[in-house]
1. For ASN56, indicate whether it is out of contact with any helix residue (DSSP H, G or I) (no Cβ under 8 Å at 6 or more places or on another chain), assigned to a loop (DSSP other than H, G, I, E, B) and of a type outside the set (Val, Ile, Thr).
2. Do the conditions hold for ILE169, that is, is it over 15 Å from the mean Cα position of the chain (by Cα), in a loop (DSSP other than H, G, I, E, B) and over 25 Å from THR32 (Cα atoms)?
3. Give me the pairs: first residue in segment 149-162 and exposed (fewer than 13 other Cβ atoms within 10 Å of the Cβ), second residue assigned to a helix (DSSP H, G or I) and at pLDDT below 95, beta-carbon distance under 9 Å, and six or more apart or on different chains, which are they?
4. Against the condition at pLDDT 95 or above, in contact with a Pro (Cβ under 6 Å, 6 or more places away or on another chain), under 26 Å from GLU155 (Cβ atoms) and not polar (S, T, N, Q), how does VAL104 come out, does it pass?
5. Could you list, in sequence order, all residues of segment 93-146 that are under 30 Å from CYS72 (Cβ atoms), open to solvent by 50 Å² or more (accessible area, probe 1.4 Å) and out of contact with any strand residue (DSSP E or B) (no Cβ under 8 Å at 6 or more places or on another chain)?
6. Output the residues belonging to segment 7-27 that are open to solvent by less than 80 Å² (accessible area, probe 1.4 Å) and either in contact (Cβ under 8 Å) with a residue 60 or more places away in the chain or part of a loop (DSSP other than H, G, I, E, B) (or both).
7. Can you spot a residue in segment 66-73 that is of a type in the set (Gly, Ala, Ser) and either open to solvent by 50 Å² or more (accessible area, probe 1.4 Å) or within 17 Å of ASN21 (Cα to Cα) (or both)?
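The values are calculated or read from the model by the stated rules, or taken from the named source; none is laboratory data. Nothing here was measured: the structure is a model prediction, and the numbers come from that model. FYI the Cβ positions are ideal-geometry reconstructions off the backbone, even for glycines, and counts take in every protein chain you see. These area figures cover heavy atoms from the full protein model, side chains too; ligands, DNA and RNA do not enter into them. Shrake-Rupley method; radii C 1.70, N 1.55, O 1.52, S 1.80 Å.
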Amino acid sequence: MSRIGNALITIPAGVTVEIKNNVITVKGPKGTLSQGYDPIITPNVDGNVIKFTRANDLGPTKAKHGLYRALCANMIKGVTDGFQKTLIVNGVGWKVAKQGNKVVLNVGFSHPVEVAEIEGITLECPSITEIAVKGIDKEKVGQFAAMVRGIREPEPYHGYGIRYSDEVIERKVGKAAGGKG
């Protein structure tokens with residue numbers, strides 16, 4: 001039994017879910033999201049509850065059962081609350097600033113790096129060392145945050161780099177001073 005796949009999803013007020021031609025469309029106060037699904041999984045909307053059922057108990061079918069239920073739950077959360085990833089910039093003299101619809105990063109290169117917002121993603125700079133990536137699509141928010149982090153990944157010796165706010169960097173001991181004693 002798939003615990004995730006069998007869990008019911010409650011549809012909050014102000015959100016509509018439409019299922020047509022193997023596509024689930026969720027509309028809410030923050031926007032609209034759509035997701036296709038395999039016909040071996042059947043979503044059923046009953047009042048304000050969505051339940052997913054599967055056609056058989058084969059391994060790949062069980063995996064898709066939980067997958068599509070989780071994707072649908074994330075779409076509902078996205079159109080009501082939205083998703084956010086916060087990045088921290090750590091380095092001597094490193095800073096970020098919002099300019100129009102882009103963020104300018106000064107992160108130790110000889111030139112500033114500009115990152116422009118894409119459709120469905122908004123960038124904010126609450127402080128000179130923080131970047132907030134916001135949007136309604138969890139996959140887009142995570143992918144964009146990973147792309148920004150990849151500009152200057154954290155290094156283990158000094159901890160310099162761009163990291164997630166909840167990420168812990170394992171620090172390494174530097175080179176030992178001294179000779180052959």
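1. yes
2. yes
3. Every condition considered, no pair remains.
4. It is true that VAL104 is at pLDDT 95 or above, in contact with a Pro (Cβ under 6 Å, 6 or more places away or on another chain), under 26 Å from GLU155 (Cβ atoms) and not polar (S, T, N, Q).
5. ILE118, GLU119, GLU139, GLN143
6. Hits for segment 7-27 are ALA7, ILE9, ILE11, PRO12, GLY14, VAL15, ASN22.
7. Checking segment 66-73: not a single residue is of a type in the set (Gly, Ala, Ser) and either open to solvent by 50 Å² or more (accessible area, probe 1.4 Å) or within 17 Å of ASN21 (Cα to Cα) (or both).
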